[in-house]
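Beneath this line is the structure, given in structure tokens, with notes to follow.
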Amino acid sequence: MTKASRTPRIDLNTATKKELLMIEGIDGERARLIIEHRTERGPIRSWEDLHHVPGIDDALLDKLQRGSSLGGAAEPSAEAAAGEAAEAAAGSAKRPRSSGGGELGDPSGLEQIMGLILLDRAAAEAYRLAIDVCKTPEIKKQLEGFRADHERHERELLDELGAAPTDEPDDRGQCIRRYTELSAREERTALVAMRANEELTNDAYASALTSDLPDEVRRMVEANWQDERRHIRWINEEIRRRGWELPEVPSTLAEAA
């Protein structure tokens, strides 16, 4: 059977097994597991949900994003929209360059990038709080690396925009700090808190990629987003490996997204 990734994209939430087999990289076993996952857990609402399906690694997830969709179940800020934006950016001939000799192409663009800067700063501070309560060297080392990534993201975006940092966190930053201070009491709760924080930053970066950005800023945002995805994948896997249950994220943090 010839694999295909043509439009219209196959909806992973409604596709039959035969339709799933039309997607590049999906064999009979993976098709069965996708159907089993959505039957037991409900609709697949974000691409990250597919990390819970055995046999779907990063390479296959990329193929799914190109050859399928999540239909009406996708969350407004899920990676589906960002995946399409990233594809468009990769083919720069299809997307006009932003106007103004390197200036951001629409009024909301600068606001979003400055929001990312503040969010990265808040995330770095949250990681500092989480690292303080962790005892396992492997976990501390990973979180220290993630904190360094967020600090680098803030620094590079500021340099690219030629902007001066602000001392005041925004609402999302304040929410992240409060949530981490209240939640991160030991390793389990620290990782759970960092997972919620990374979900927020992942969504923010995905949303920024839908804006009209200068090419260099877009490349930087895409690279940073890949770091954020790597962070949350490691945290999810570590929580699963250790059998730590995930408490519900407080509504105040979810609303900040």
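The values are calculated or read from the model by the stated rules, or taken from the named source; none is laboratory data. Note that the coordinates shown come from a computational prediction; the quantities given were computed from them, not determined experimentally. Heads up, the Cβs are rebuilt from the backbone with ideal geometry, glycines too, and the neighbour counts pull from every protein chain shown.
Miscellaneous remarks
- Test: residue in region 222-243 that is touching a Ser or Thr at 6+ places or on another chain (Cβ under 6 Å), part of a helix (DSSP H, G or I) and either surrounded by 20 or more Cβ atoms within 10 Å (Cβ to Cβ) or at pLDDT below 80 (or both): yes
- Close Cβ contacts (under 8 Å, 6 or more residues apart or on different chains) running from residues in region 185-198 that are modelled with pLDDT of 85 or more to residues that are acidic (Asp, Glu) and part of a helix (DSSP H, G or I) comprise 191/238; 198/228.
- Evaluated against (1) assigned to a helix (DSSP H, G or I); (2) surrounded by 21 or more Cβ atoms within 10 Å (Cβ to Cβ), residue 195 falls short on exactly one condition, (2).
- Assessment of region 203-210 against the conditions (surrounded by fewer than 18 Cβ atoms within 10 Å (Cβ to Cβ) and not in a helix (DSSP H, G or I)) yields at least one matching residue.
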